[in-house]
Amino acid sequence: MILTISEIVSGIKGEGKNAGYPTTFVKLHGCNLNCSYCRNECRTGKKKRMSVQTVLGYIFKMGNYYVEITGGEPLLQDTTYVLLYDLVDRGYNVTINTNGSQIIEDCLYARSYSYCMEIKCPSSKMESKNVYENLDTLIMKDEVKFLIADAEDYVFAKDIIRKYPTKASYVFSPIVSEDGKHIGKDLAQWLLEDKLQRARLGVPIQTLLGSQLPTT
């Protein structure tokens, strides 16, 4: 059983419900999208093929309870679930971070792991790739993430919440440009005004840590 890997790193979880926890990030190589703001080398950078057992060895060595399988897009590789189930059986807290363009088809209501599914907003230039039926399959432990660059993205996200109900919670995270600019204050004010149920502001920890520690 082989996975195509970009890198496996230990770092601080930057966003979402597990933000702040030391986490092992298994970054799988390859992505079917090309988001306008993406600076992730998991799509086009270096890659290596590794067996599931080799990947597990790295995870054991890093010693973190939390593991995030991310990318790239992890659902493009069938072996992702082989790694996932092995980790779950060993008691790890595992999240799959997916870009929302792939159908989630596994055992949905009897699982101990979680999904963080992104919905692509207009600034990404990839919003046509969203698979909205996934929102109906997510459960309470899951998250739906919106990366927000401007007011248009925010209005788009609110419209998606209205059209496609889900049991998952929502995270609204400002996109941080390479020079550190973002609309975090505006986003916080909009959320206060609109009082969206189960929605919270995601403040990327990497904006505080900079390059001091790996985060995602």
Just rank 182, 29, fewest to most, by other beta-carbon atoms within 10 angstrom. 182, 29
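Which is the longest stretch in the chain that no exposed loop site breaks, taking sites as GluC sites (Glu not before Pro) with a DSSP loop state and at most 10 other Cβ atoms within 10 Å? Walk me through the numbers before you get to the answer.
Details: sites that count: 105, 178.
Result for the longest clean stretch: 1-104.
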Can you give the relative contact order of region 2-209 as a percent, counting alpha carbon pairs under 8 Å and 6+ residues apart? 17
For the chain, take the longest principal axis of its alpha carbons; what is the angle in degrees between that and the long axis of helix 151-163, to the nearest 10 within 0 to 90? 80
Whole-number percent relative contact order across region 55-164, with pairs defined as alpha carbons under 8 Å at least 6 apart: 22
Quick one: Cα convex hull volume of the chain, Å³ per residue? 115
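Rounded to the nearest 500, what is the 222 nm mean residue ellipticity of the chain from helices alone, with -39500 (n - 2.57) per DSSP H run of 4+ residues and division by all residues?
Theoretical 222 nm ellipticity from helices: -6500 deg cm²/dmol.
For a 19 Å ceiling on Cα separation, which of these pairs sit above it: 158/181; 46/145; 13/129; 17/46; 120/158; 13/141?
Numbers: 158/181 23 Å; 46/145 27 Å; 13/129 26 Å; 17/46 30 Å; 120/158 13 Å; 13/141 17 Å.
Pairs exceeding the cut-off: 158/181; 46/145; 13/129; 17/46.
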With a sphere of radius 9 Å drawn around the Cβ of residue 139, what net charge do the other residues whose Cβ falls strictly inside it have (Lys, Arg +1; Asp, Glu -1)? +2
Coil-residue trypsin sites (Lys or Arg not before Pro) of region 43-112, DSSP, other Cβ within 10 Å capped at 14: 46, 90
Rounded to 10°, Cα long-axis angle of helix 184-194 versus longest principal axis of the chain: 70
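Which trypsin sites (Lys or Arg not before Pro) in region 113-168 pass both tests, a DSSP loop state and at most 15 other beta-carbon atoms within 10 Å?
Numbers: sites: 120, 125, 129, 141, 145, 158, 162, 163, 167; in loops: 120, 125, 141, 167.
Answer in residue order: 125, 141, 167.
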Round to the nearest 0.05 the FRET efficiency obtained for residue 88 and residue 41 when R0 = 22 Å and r is the Cβ-Cβ distance. 0.20
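DSSP loop chymotrypsin sites (Phe, Trp or Tyr not before Pro) in region 1-66 with at most 13 other Cβ atoms within 10 Å of their Cβ, which ones?
Numbers: sites: 25, 37, 58, 60, 65, 66; in loops: 37, 65.
Those satisfying the criteria are 65.
Each reported figure results from applying straightforward, stated rules to the coordinates on display, with no laboratory input. Predicted, not measured: the structure shown is a model, and the values here were computed from it. No Cβ is skipped: glycine too gets one built from the backbone with ideal geometry, and neighbour counts run over all protein chains shown.
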